[in-house]
Amino acid sequence: MIRFLLNSVEQLIEDLDPNTTVLDYLRLHLRRTGTKEGCASGDCGACTVVLAEAREDQLRYSAINACITPIGNLHGKQLITVEDLKQGAVLHPVQQAMVDCHGSQCGFCTPGFVMSMFAYRKTHAAPDRESLLEALGGNLCRCTGYRPIVDAGMQMYEADTGDSFDASADAVLNTLKSIDSNTDEVFLSGNHKSYFAPRSLAHLASALLENPEARLVAGATDLALEMTQGLEEIDTLLYPGLVPELQTVRDTGTALEIGAAVTYSQFSSQLCAEYPEMAELIERLGSLQIRNQGTLGGNIGNASPIGDMAPALIAIGADLVLRRGDAVRVVAVEDYFVSYLVTVLQVGEFIERIIVPKARAGEIFKVYKVSKRWEDDISAVCGAFRLRVVDGKVAGVAIAFGGMAEIPKRAHHCEQAMLGQAWAESSITPAMAALAQDFTPISDFRASADYRMQVAGNLLQRLFLETQPGAATVRVRLYA
Amino acid sequence: MRSLPSVSVREATGPTGSPGQPLKHESAHKHVSGEAIYTDDHVAPPDVLHAYPGLSSVAHGKLVKLDLESVRRAPGVIDILTLADVPGQTDIGPVYPGDPIMVNERVEFWGQVLFVVAATSYDSARRAARLAVVEYDTLPADLTIEQGLAKQSLVRPSHIQRRGDAECAIREAPLTLEGEIRSGGQEHMYLEGQASLCIPQEDGGMYVYTSSQHPTEGQKLVAQVLGIAMGLVTVEVRRMGGAFGGKETHANQWACLAALLARKTGRAVKLRLARADDMTATGKRHHFMSKYRVGFDRNGQIHGLDLSLSGGCGMSPDLSDAIVDRAMFHADNAYFLPAAHIEGHRVKTHTVSNTAFRGFGGPQGMLAIENIIEHIATTTGLDALEVRKRNFYRAEDGRDITHYGQKIEQHLIAPLVERLERSSGYQQRRQSIQEFNVGSPVLKRGLSLTPVKFGISFTVQHLNQAGALIHVYTDGSIQLNHGGTEMGQGLYTKVAQVVAQELQVDLESITCTATRTDKVPNTSPTAASAGSDLNGMAARDAANKIKTRLIEFAAGHFGVAAGRVRFHSNRVSVGEREFSFAELVQMAYVQRIPLSATGYYSTPKIYYDRDKASGRPFYYFAYGAAVSEVVIDTLTGEYKVLRVDICHDVGRSLNPAVDIGQVEGGFVQGMGWLTTEELVWGKDGRLETTNAASYKIPAVGDTPADFRVELLPDSPNVEATVFHSKAVGEPPLMLGISVWCALRNAIASVASHRLSPVLDAPATPERVLNACTDLRRRDCS
């Protein structure tokens, strides 16, 4: 069975199709219709709900998209929906601020915004515009133009009072801990489908060997689309999120070893401390709701040609630790991708952790994402660059692009054109030209092939300009 | 009820809620708590069925086989609806025929409904709908305006507006230019998708909950497809989760299909489209192609304009006649055209029928002329703002008649623009931007001020009418109903404020009830920005009827002159006596005075003679202007809007908070249309951008960090509109054109403003980069 708190009431579920999303569970099974379906693909935020988890003796709140979260992923957590905020006739400070600032028009996106703002208020002692925008980047509103919503986000702190969730936090924490300490199997089945969450690495590995057709579901931010858009019914779901080794980030001194099931929100601060340039990329990867659920293992595992982490990890020279049963092998991220959606992963094999070498002194690392929209968009082109310049010459270079081929890929010809050359404007032009030997991008609704080629080359120019001492910014977002 | 409800004898405060106050939306507290009910949230009867359509997968072809056996055998399936099952009319074209409710032999767009399946769950219905075996004889499909125009394939005849001899004026002008520009369509992306719930009634009737801007049309069409009288159908709409024109006609089909299955199965049926199917199967804003020749002088003043506007209509007329007309009506924007020849073509393509979208063709017409103004500015070397000012309508020199013969009576644009130019620091910023651009090879800034003049009224005259219904109960509480629908624009709030003002009662005592065709009949769509103008006046009329009866009663009952009965602050003074509103109402009830009234309004003064292409189609004009500043990256085409200043005319505002919400939201939506919102179709006619992941509406970070919005003060409507307010729904969308012009301005700096960039809309980063590349190339050659 799975156990979780629906606000303050413990739910025990044994018999339910594990393909059921949290959104459908709320709307269809519980008839809690405050949470809305806008897109059923994690792109609009209308279904945003908040999860509280026990972390280091505290409750950690995070906003997620209910529409792409399988019900089993609620195990051991507290689920808070928009209906839970109001106490009697009194609106929660978040809700009151939205009313006072005229933050709703049609009101359909509003519950999702309220929940994102609620999570923000629970995780930030005071508001700042930048982080608030980041927290709301995954909630679309078609009516207001957002200004009053942002105002409400700033104003919701004026009622400097605790809320019912503060008052019940200890009790909730205790319940979640007791669920966690119970060693019963976390298992859900219904409609001839099953969901299983092993608690050890060995158990996960053997389960996957025994059920090679099972699908690993971590954050589900990609897999769930097969259910809600493709209408596929998945027979066996394996959740790796309870395996301790997959849930930790380890600093080995020379590298960060990131467990495959660690969410972006959990690992990003450590990774960005090492590679500050990653901060913008991760901030723009999906939305906060997605980053609260999505994992590095998932992003690499699904082998998307436009997954944003892959080019960066390839340029950095990261490795993957793959496990199949007891057998473990290490594969460079660069070598992991074979062809469109095909990887070196064998049946029964999975990504255990990602080894990200630490930044090396004297090296420049940059990653640039270009998309139609700044927030929550998929790259037209994503370029990552690691460069070592010694005595004015390029002594080492690794360049990888996403969006330029059927897989995330190194730009070997471009690198060769640069290697040993002076790091000067004159050597950029041949390097740009060499990209034509590396890539033959396609045209699709995100961008044309010509644009992709041109931008890929121009990003080299940007790299050059940004590495010049005292250069003014050449990025619009940094310009103000 | 025998005893009357007890009421407090004296209510100390109030009234709260009269017009002019920035009151909260009437449903705000329900929006934030999740208590507001949308169509899919209604508690449906326990045996409700879920309907889902099967959609075509060719753009144009003959349907040769539709095998539904696997659909019928799929788990949970109860019934299937095909064209043969429709007892009544099968064409649901709202104005002209052309929209078959389901495909009859010929498929005319990818995503057209072939059949509908009803199952016990939403998921089963969706899965089953994908199991049909369908074969087509594929026919060549026209997917672009050019293809349709080349064949003269039109959904409606072209229309021409003429003033003077444009050809001669252009020929004789000192300077001439020609060019063309394309603007893309726009997906409404209402957050709540299309949804209907139909419940069969006795006598073969149908009760319909639907997310629709036009309940009466839904009622009419449901009746027609069922083959029953309109009187047997009731349509209810409490609120929509956004609409923007996308639920004016394109909500009807889903209500009709659900009703047909409800009739066939005898059970309640719900039909809700998943997002990708909603985006594929419902219409969008018309994409346009405009070609122009313009004659002007070195001062930038236009002498003559020859403009051809071609709207991509999709496969059927829908509302395209009026939409292309409105594009033509707005091809002048705020500028006097001494001689003009404006053609409007309604081009047929094998794509989903395009439909109403906030602005209704106006934005497309306006973009065409603003592009021409920019082109003139580059050619003359003048600042575009100067060109704009020199062409504004003005009272002097006979420059106050539009190209369709309407006299401009309120000359607001020049003073409004002057005010904004000053408050935004336009000239100083222009200077500093020029200096910045000279020293910045990669990043370039751009600035633009664009005006908006938007005509208010339905251009179809008979739609300019509205009804309302008010009930006063014996505890003094009031129910308000009118023909307008609430889609977030605050209509219910504004109309309630009007009633609160007329009856001098607290807004809280008024309950806004769901729009229902059995309460107020024969309503017009809530569209054309006319919601509060029409329904506010109708409700005011109803409130006044009740008030008049109460005055007559009180005067007679207490023997005072009618002039000495006064409503104020929840009380009524009758000579020296004073009662609470509720007390007076109870007295009136006991004396058998009717406490319910209908109200009605029709807009005066308007007409348009389409044969002569001349008249006064608009009761009045709403004005506004915006200054936008952007920065672009000439390496990638990425950009950011740095600051926006807006001054907008809403007459005497009924509710400044609601109006500012409309101005800001409209601006951002217009900006989205012209920047990141790109619809992409494949060569096979399939829409490829079918979700929020691939179709990018503005997100929170796209809202300018520095966003200064002002309602033009002290500017009551000169016409006798409700409390001299003005319509606000659509006009602000076109303020977004300032962003497009600012991008164009930044791009032009690449060639030091000597050359005019070619920038089609939406100006995605790719188009911005291409325009920069093109300019650099032309500048070198």
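The values are calculated or read from the model by the stated rules, or taken from the named source; none is laboratory data. Keep in mind it's a predicted model, so treat the numbers as computed, not measured. Positions of Cβ are backbone-derived with ideal geometry, glycine not excepted, and every protein chain shown enters the neighbour counts. To get the accessible areas, we keep the full protein, side chains included, count just its heavy atoms, and leave off ligands, DNA and RNA. Shrake-Rupley method; radii C 1.70, N 1.55, O 1.52, S 1.80 Å.
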Checklist entry - Within the stretch B:157-178, is there a residue that is open to solvent by 40 Å² or more (accessible area, probe 1.4 Å), hydrophobic (A, V, I, L, M, F, W, C) and closer than 23 Å to B:Met366 by Cα? => result yes
Checklist outcome for this item: Picked from the stretch A:319-371 (must be within 30 Å of B:Thr675 (Cα to Cα) and surrounded by 23 or more Cβ atoms within 10 Å (Cβ to Cβ)), the residue farthest from the other protein chains (Cβ to nearest Cβ) is A:Val367
Checklist entry - Within the stretch B:725-771, can you find the residues that are open to solvent by less than 10 Å² (accessible area, probe 1.4 Å), within 12 Å of chain A (Cβ to nearest Cβ) and not in a helix (DSSP H, G or I)? => result B:Pro762, B:Ala763, B:Thr764
Item to check | the stretch A:236-249, residues that are without any contact (Cβ under 8 Å) to a residue 60 or more places away in the chain and not aliphatic (A, V, I, L, M) | outcome: A:Thr236, A:Pro244, A:Gln247, A:Thr248
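Condition check ((1) in the same structural domain as A:Arg147 (by TED's automatic domain parsing); (2) surrounded by fewer than 24 Cβ atoms within 10 Å (Cβ to Cβ); (3) in contact with a strand residue (DSSP E or B) (Cβ under 7 Å, 6 or more places away or on another chain); (4) part of a helix (DSSP H, G or I)) across all residues:
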{"position": "A:Arg32", "(1), (2), (3), (4)": "yes, yes, no, no"}
{"position": "A:Lys36", "(1), (2), (3), (4)": "yes, no, no, no"}
{"position": "A:Arg60", "(1), (2), (3), (4)": "yes, yes, yes, no"}
{"position": "A:Cys106", "(1), (2), (3), (4)": "yes, no, no, no"}
{"position": "A:Gly112", "(1), (2), (3), (4)": "yes, no, yes, yes"}
{"position": "A:Ser116", "(1), (2), (3), (4)": "yes, no, yes, yes"}
{"position": "A:Ala126", "(1), (2), (3), (4)": "yes, yes, no, no"}
Checklist entry - Which of the following residues is within 14 Å of chain B (Cβ to nearest Cβ), of a type outside the set (D, E, K, R), open to solvent by 20 Å² or more (accessible area, probe 1.4 Å) and more than 28 Å from B:Lys696 (Cα to Cα): A:Leu478, A:Leu419, A:Leu465? => result A:Leu465
Checklist outcome for this item: When every residue in the stretch B:565-599 that is in contact with a strand residue (DSSP E or B) (Cβ under 7 Å, 6 or more places away or on another chain) and exposed (fewer than 15 other Cβ atoms within 10 Å of the Cβ) is compared, the one nearest to B:Ser477 (Cα to Cα) is B:Ser596
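Would you point out the residue of the stretch B:676-695, among those that are among the charged types (D, E, K, R) and touching a residue at least 24 places away in the same chain (Cβ under 8 Å), that is farthest from the other protein chains (Cβ to nearest Cβ)?
B:Asp684
Looking for whichever is touching a residue at least 12 places away in the same chain (Cβ under 8 Å), closer than 30 Å to A:Leu140 by Cα and not aliphatic (A, V, I, L, M) here; the options are A:Glu232, A:Glu283, A:Glu334, A:Glu274. Which one fits?
A:Glu283
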Item to check | Options A:Ala449, A:Ala456, A:Ala433, A:Ala471: the member that is more than 9 Å from chain B (Cβ to nearest Cβ), of a type outside the set (S, T, N, Q) and touching a Gly at 6+ places or on another chain (Cβ under 7 Å) | outcome: A:Ala456
Item to check | Single residue of A:Gly42, A:Gly72 found to be open to solvent by less than 10 Å² (accessible area, probe 1.4 Å) and out of contact with any helix residue (DSSP H, G or I) (no Cβ under 8 Å at 6 or more places or on another chain) | outcome: A:Gly72
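Residue by residue, here is whether (1) at positive phi; (2) open to solvent by less than 70 Å² (accessible area, probe 1.4 Å); (3) among the aromatic types (Phe, Trp, Tyr) holds:
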{"site": "A:Cys143", "(1), (2), (3)": "no, yes, no"}
{"site": "A:Met154", "(1), (2), (3)": "no, no, no"}
{"site": "A:Ala169", "(1), (2), (3)": "no, yes, no"}
{"site": "A:Val172", "(1), (2), (3)": "no, yes, no"}
{"site": "A:Leu176", "(1), (2), (3)": "no, yes, no"}
{"site": "A:Ile179", "(1), (2), (3)": "no, yes, no"}
{"site": "A:His192", "(1), (2), (3)": "yes, no, no"}
{"site": "A:Ala207", "(1), (2), (3)": "no, yes, no"}
Item to check | Boolean, A:Leu208 is at pLDDT 95 or above and within 25 Å of the chain's Cα centre (by Cα) | outcome: yes
Checklist entry - Of everything in the stretch A:128-141 that's more than 7 Å from chain B (Cβ to nearest Cβ), farther than 19 Å from A:Thr35 by Cα and not polar (S, T, N, Q), which residue is surrounded by the most Cβ atoms within 10 Å (Cβ to Cβ)? => result A:Leu132
Next on the checklist: So in the stretch B:69-89, with the set limited to residues that are open to solvent by 40 Å² or more (accessible area, probe 1.4 Å) and more than 26 Å from B:Arg127 (Cα to Cα), which one is farthest from the chain's Cα centre (by Cα)?
Outcome noted: B:Pro87
Next on the checklist: Restricting to the stretch A:142-155, count the residues that are more than 7 Å from chain B (Cβ to nearest Cβ) and either part of a loop (DSSP other than H, G, I, E, B) or aromatic (Phe, Trp, Tyr) (or both).
Outcome noted: 0
Next on the checklist: When you check B:Thr721 against the structure, is it in contact with a Phe, Trp or Tyr (Cβ under 9 Å, 6 or more places away or on another chain) and among the hydroxyl-bearing types (Ser, Thr, Tyr), yes or no?
Outcome noted: yes
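Could you list, in sequence order, the residues of the stretch A:181-190 that are open to solvent by less than 70 Å² (accessible area, probe 1.4 Å) and either closer than 21 Å to A:Thr263 by Cα or in contact with a Phe, Trp or Tyr (Cβ under 6 Å, 6 or more places away or on another chain) (or both)? Lay out the reasoning, then the answer.
As a first pass, look at the stretch A:181-190 and keep what is open to solvent by less than 70 Å² (accessible area, probe 1.4 Å): A:182, A:186, A:188-190.
Residues satisfying the conditions are A:Val186, A:Leu188.
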Checklist entry - Can you list the strands (runs of 3 or more DSSP E) found entirely within the stretch B:563-626 that contain at least 2 residues being under 24 Å from the mean Cα position of the chain (by Cα) and over 24 Å from B:Asp506 (Cβ atoms)? => result B:596-602, B:607-609, B:614-616
Checklist entry - When the stretch B:696-712 is examined, which residues are found to be within 8 Å of another protein chain (Cβ to nearest Cβ) and assigned to a loop (DSSP other than H, G, I, E, B)? => result B:Lys696, B:Ile697, B:Pro698, B:Ala699, B:Thr703, B:Ala705
Checklist outcome for this item: Residue pairs qualifying under the 8 Å Cβ cut-off, at least six apart or on distinct chains, with the first in the stretch B:231-252 being within 14 Å of another protein chain (Cβ to nearest Cβ) and the second being assigned to a strand (DSSP E or B) and crowded, with 24+ Cβ neighbours inside 10 Å, are B:Val237/B:Tyr209; B:Val237/B:Thr210; B:Val237/B:Thr515; B:Arg238/B:Thr515; B:Gly245/B:Arg285
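Yes/no per residue for (1) crowded, with 16+ Cβ neighbours inside 10 Å; (2) on the phi > 0 side of the Ramachandran plot; (3) more than 14 Å from chain A (Cβ to nearest Cβ):
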{"residue": "B:Val32", "(1), (2), (3)": "yes, no, no"}
{"residue": "B:Ala36", "(1), (2), (3)": "yes, no, no"}
{"residue": "B:Asp47", "(1), (2), (3)": "no, no, yes"}
{"residue": "B:Leu66", "(1), (2), (3)": "yes, no, yes"}
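Out of B:Gly651, B:Gly661, B:Gly670, B:Gly665, I need the residue that is at pLDDT 95 or above, more than 14 Å from chain A (Cβ to nearest Cβ), under 30 Å from A:Cys101 (Cα atoms) and within 23 Å of the chain's Cα centre (by Cα). Which one? Spell out how you get there, then give the answer.
On the way: B:Gly661 fails: more than 14 Å from chain A (Cβ to nearest Cβ); B:Gly670 fails: more than 14 Å from chain A (Cβ to nearest Cβ); B:Gly665 fails: more than 14 Å from chain A (Cβ to nearest Cβ).
Residue meeting the stated conditions: B:Gly651.
Out of A:Val9, A:Val50, which single residue is more than 10 Å from chain B (Cβ to nearest Cβ), buried (at least 23 other Cβ atoms within 10 Å of the Cβ) and farther than 20 Å from B:Ala195 by Cβ?
A:Val50
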